[in-house]
Amino acid sequence: MNDAWWKSAVLYQIYPRSFQDSDGDGVGDLKGIVERLPYLSDLGVDALWLSPIFVSPMTDFGYDIADYTAIDPLFGTMADFDTLVEAAHARGLKVLLDLVPNHTSERHPWFEQSRASRDNAKRDWYIWRDPAPDGGPPNNWLSEFGGSAWAFDAVTGQYYYHAFLAAQPDLNWRNPAVMAAMHEVMRFWLRRGVDGFRVDVIWHLIKDEAFRDNPPNPDYRDGDSPYRRVLPIYSTDRPEVHDVIRGLRAVIDEFPARVLIGEIYLPIEKLVAYYGRDLSGAHMPFNFSLLETPWQAGAVGALIDRYEAALPPGAWPNWVLGNHDRPRVVSRVGAAQARVAAVLLLTLRGTPTLYYGDELGMSQVPIRPEQVQDPFEKNVPGFGFGRDGCRTPMQWDASLHAGFSRVAPWLPRGADAAVVNVARERDDSDSLLSLYRRLIMLRRSRPALTQGGYRPLEATAGSLAYLRETDDDRVLVAVNMSPNSVAIAVPEAVLGQKVLISSTSGREGERCDRHLTLHGDEAVVVG
Ligand code: GLC
Ligand code: MG
């Protein structure tokens, strides 16, 4: 069954602050995105997911929301938003929004009321606890962004819980009024025509009812994020979270053809529970495992097998190579393997999500201490957790500000923007951008790549090979993750077929013999 649009789609994540500035304030905006829609059509993606664009003090750059149903003036107006949805839809592009239901900004009116007094009607919309007997925090839960997850509020003499910044108090999802309010937020945007949501930190939504201490993490090592000192088994991934997600999904299902995607950082075996009982949960719990696995054929092959085996019956897979929280893929695996990674991302079974700029090979931009914007980096400096380096301006051309803005952007552009940019790569058939375009085009034209099964083949050390096949379409993918050349045994089913794409180029059209020799760092698609 391959009915839903998102199963054959390629998703593209835009970090709105950094895609295109139209009004010359150095920060990207909605009008800027509208201007760049032709680029996205040309690339061939099917849907845009926008990181948060709602009214926010921007302490965590929009992941701290003060009004869920209004556009932040930095990004534009509601009219700009409607224009964006209309223009995207006119091109056949879907629009997904970021829903941030776990926490609000401390400046959200709900929290301002909640903190006003212990008997305020909104008190129980957030998570308030008395101090421990010694006056300290109620338990040992830690914030992902450093320090205790509890902040003391002197006005009412209690602590509130914040999984992230103190400026991001967690909502109490055990309160039905919170649930109802958030469902209304979803309906507001779904009625306006959005095609679905990526739900922020969905595995955090429900915390242990008894607020038990988290156990120490025996694997904690020097250099790990301080958050890892304890295992967050009582503060995240609670069994009741699946009831909450079923509720979000029910709202999605009130509207035709909408999609629910969840942000979840958990090991595969736990991740797949987020499809929900009888697939009543997220359509796609984001699969970040490629971001966390050593870039080596044995490890990646084993990971794919583990993921495929863990998927519940009927669950649709997905793959991600980058996002606004993790180092850029090219900086992690190098330029040659970034091309191999593109082939993997677009030929594995399931829906791929591309992070803006990765299709150009934009790298992690070094940020000087005085340029740091990310609150995580400011709270926990010196660990290299800063996320600014993967959030830098999209590199459109070789001009001073890379075509992103007419003024200096909010984060520095990459020093490689003179070479790594859309204008240059578009006209270069060997560029990474051209490789992405060809891969996306091929995906569209070959049912094996969107609907076909995944069959791993025996591969030589350092490489991976697999078949994607439907009843009457068949594609071989062979991926060399090493710098040495390797020979792949070509299965009977594709003997004599042609090389359709090579990541190192130059051999397209070559017919496949019993043995296919891959150059170092080469990936090919045959069919
Ligand atoms: C998610 C977002 C991240 C944000 C955090 C808190 O992990 O992707 O950018 O800082 O949630 O909302
Ligand atoms: Mg702007």
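The values are calculated or read from the model by the stated rules, or taken from the named source; none is laboratory data. None of the values given here were measured: they were computed from a predicted structure. With ideal geometry, Cβ positions are generated from the backbone for all residues, glycine too; neighbour counts draw on all protein chains shown.
Filter segment 492-515 down to the residues that are in a strand (DSSP E or B) and in contact (Cβ under 8 Å) with a residue 40 or more places away in the chain, then identify the one that is surrounded by the fewest Cβ atoms within 10 Å (Cβ to Cβ). Result: Leu500. Return yes when Glu522 is over 12 Å from Thr347 (Cβ atoms) and either touching a Gly at 6+ places or on another chain (Cβ under 7 Å) or modelled with pLDDT of 95 or more (or both) and no when it is not. Considered against the rule, which asks whether it is over 12 Å from Thr347 (Cβ atoms) and either touching a Gly at 6+ places or on another chain (Cβ under 7 Å) or modelled with pLDDT of 95 or more (or both), Glu522 comes out as yes. For segment 52-69, filtered to residues that are under 26 Å from Thr351 (Cβ atoms) and in a loop (DSSP other than H, G, I, E, B), the residue that is farthest from ligand 1 (Cβ to nearest atom) is Ile53. For segment 148-162, the criterion of a residue being part of a helix (DSSP H, G or I), within 16 Å of ligand 1 (Cβ to nearest atom) and of a type outside the set (A, V, I, L, M) is satisfied by no position.
Of all residue pairs spaced 6 or more apart or on separate chains, none has beta-carbon atoms under 6 Å together with a first member in segment 260-289 that is under 26 Å from Pro52 (Cβ atoms) and a second member that is within 16 Å of ligand 2 (Cβ to nearest atom). When Gly157 is tested against (1) on the phi > 0 side of the Ramachandran plot; (2) crowded, with 16+ Cβ neighbours inside 10 Å, exactly one condition is not met: (2). For Asp471, indicate whether it is more than 29 Å from Leu360 (Cα to Cα) and in a loop (DSSP other than H, G, I, E, B). Judged against the criteria, Asp471 is a match.
Just so you know, in segment 320-339 the residues that are surrounded by fewer than 22 Cβ atoms within 10 Å (Cβ to Cβ) and more than 16 Å from ligand 1 (Cβ to nearest atom) include one that is farthest from Gly384 (Cα to Cα), and it is Ala336. Considering only residues in segment 15-41 that are β-branched (Val, Ile, Thr) and part of a helix (DSSP H, G or I), the one that is farthest from ligand 1 (Cβ to nearest atom) turns out to be Val34.
Assess whether Glu425 counts as being in contact (Cβ under 8 Å) with a residue 12 or more places away in the chain, touching an Asp or Glu at 6+ places or on another chain (Cβ under 9 Å) and either under 24 Å from Tyr307 (Cβ atoms) or of a type in the set (D, E, K, R) (or both). The answer is yes for Glu425. Taking the conditions (1) under 22 Å from the mean Cα position of the chain (by Cα); (2) buried (at least 19 other Cβ atoms within 10 Å of the Cβ); (3) free of Cβ contacts under 8 Å to residues at least 24 places away in the same chain in turn, Gly384 satisfies each one other than (2).
Among the residues of segment 160-210, those identified as free of Cβ contacts under 8 Å to residues at least 60 places away in the same chain, touching a Ser or Thr at 6+ places or on another chain (Cβ under 9 Å) and surrounded by fewer than 19 Cβ atoms within 10 Å (Cβ to Cβ) are Glu184, Asp208. A Cβ distance below 9 Å, combined with a sequence gap of six or more or placement on separate chains, defines the contacts here; from segment 21-47, residues that are among the aromatic types (Phe, Trp, Tyr) reach residues that are at pLDDT 95 or above in the pairs Tyr39/Trp396; Tyr39/Val422; Tyr39/Arg426.
Quick check, is Asp358 on the phi < 0 side of the Ramachandran plot, among the acidic types (Asp, Glu) and surrounded by fewer than 23 Cβ atoms within 10 Å (Cβ to Cβ)?
no
Only one of the numbered conditions (1) within 16 Å of ligand 1 (Cβ to nearest atom); (2) out of contact with any Asp or Glu (no Cβ under 9 Å at 6 or more places or on another chain); (3) more than 22 Å from Asp195 (Cα to Cα) is violated by Asp72, and that is (3).
Only one of Glu269, Glu254 is over 20 Å from Val479 (Cα atoms), at pLDDT 95 or above and not in a helix (DSSP H, G or I); which? I'd like the intermediate steps shown before the answer.
Values: Glu269 fails: not in a helix (DSSP H, G or I).
Every option except Glu254 fails the conditions.
If only one of Trp49, Trp110 is of a type in the set (Phe, Trp, Tyr), away from ligand 1 (no atom under 16 Å from the Cβ) and crowded, with 16+ Cβ neighbours inside 10 Å, which one is it? Exactly one of Trp49, Trp110 is of a type in the set (Phe, Trp, Tyr), away from ligand 1 (no atom under 16 Å from the Cβ) and crowded, with 16+ Cβ neighbours inside 10 Å, namely Trp110.
Within segment 1-31, track down each residue that is among the small types (Gly, Ala, Ser), near ligand 2 (Cβ under 10 Å from one of its atoms) and surrounded by fewer than 24 Cβ atoms within 10 Å (Cβ to Cβ). Within segment 1-31, Ser22, Gly24, Gly26 meet the criteria. Among the candidates Phe75, Phe61, Phe81, the residue that is among the aromatic types (Phe, Trp, Tyr), within 16 Å of ligand 2 (Cβ to nearest atom) and either touching a His at 6+ places or on another chain (Cβ under 7 Å) or on the phi > 0 side of the Ramachandran plot (or both) is uniquely Phe61.
Does Ser117 satisfy being in contact (Cβ under 8 Å) with a residue 12 or more places away in the chain, out of contact with any strand residue (DSSP E or B) (no Cβ under 7 Å at 6 or more places or on another chain) and within 16 Å of ligand 1 (Cβ to nearest atom)? First the steps, then the outcome.
Values: in contact (Cβ under 8 Å) with a residue 12 or more places away in the chain: yes; out of contact with any strand residue (DSSP E or B) (no Cβ under 7 Å at 6 or more places or on another chain): yes; within 16 Å of ligand 1 (Cβ to nearest atom): no.
Answer is no for this residue.
For Ser105, indicate whether it is away from ligand 1 (no atom under 16 Å from the Cβ) and either outside any helix (DSSP H, G or I) or touching a Cys at 6+ places or on another chain (Cβ under 9 Å) (or both). Lay out the reasoning, then the answer.
Numbers: away from ligand 1 (no atom under 16 Å from the Cβ): no; either outside any helix (DSSP H, G or I) or touching a Cys at 6+ places or on another chain (Cβ under 9 Å) (or both): yes.
Taking the combined requirement at face value, the residue does not satisfy it.
Would you check if there is a residue in segment 305-318 being crowded, with 22+ Cβ neighbours inside 10 Å and either over 29 Å from Asp374 (Cβ atoms) or at pLDDT below 95 (or both)? Yes: segment 305-318 contains one or more residues that are crowded, with 22+ Cβ neighbours inside 10 Å and either over 29 Å from Asp374 (Cβ atoms) or at pLDDT below 95 (or both). Within segment 24-67, the residues that satisfy the criterion of being within 30 Å of Ser114 (Cβ to Cβ) and among the polar types (S, T, N, Q) are Ser51, Ser56, Thr59.
Has segment 36-43 got any residue that is in contact with an Asp or Glu (Cβ under 9 Å, 6 or more places away or on another chain) and away from ligand 2 (no atom under 16 Å from the Cβ)?
Of segment 36-43, the ones in contact with an Asp or Glu (Cβ under 9 Å, 6 or more places away or on another chain) are 43.
Cutting the leftovers down to away from ligand 2 (no atom under 16 Å from the Cβ) gives us 43.
Yes, there is a match, as at least one residue in segment 36-43 is in contact with an Asp or Glu (Cβ under 9 Å, 6 or more places away or on another chain) and away from ligand 2 (no atom under 16 Å from the Cβ).
Take Gly262 and decide whether it is modelled with pLDDT of 95 or more and within 16 Å of ligand 1 (Cβ to nearest atom).
yes
With Ser505, Ser485 as the choices, which residue is more than 26 Å from the chain's Cα centre (by Cα) and closer than 28 Å to Gly44 by Cα?
Details: Ser485 fails: closer than 28 Å to Gly44 by Cα.
When all the criteria are applied, what remains is Ser505.
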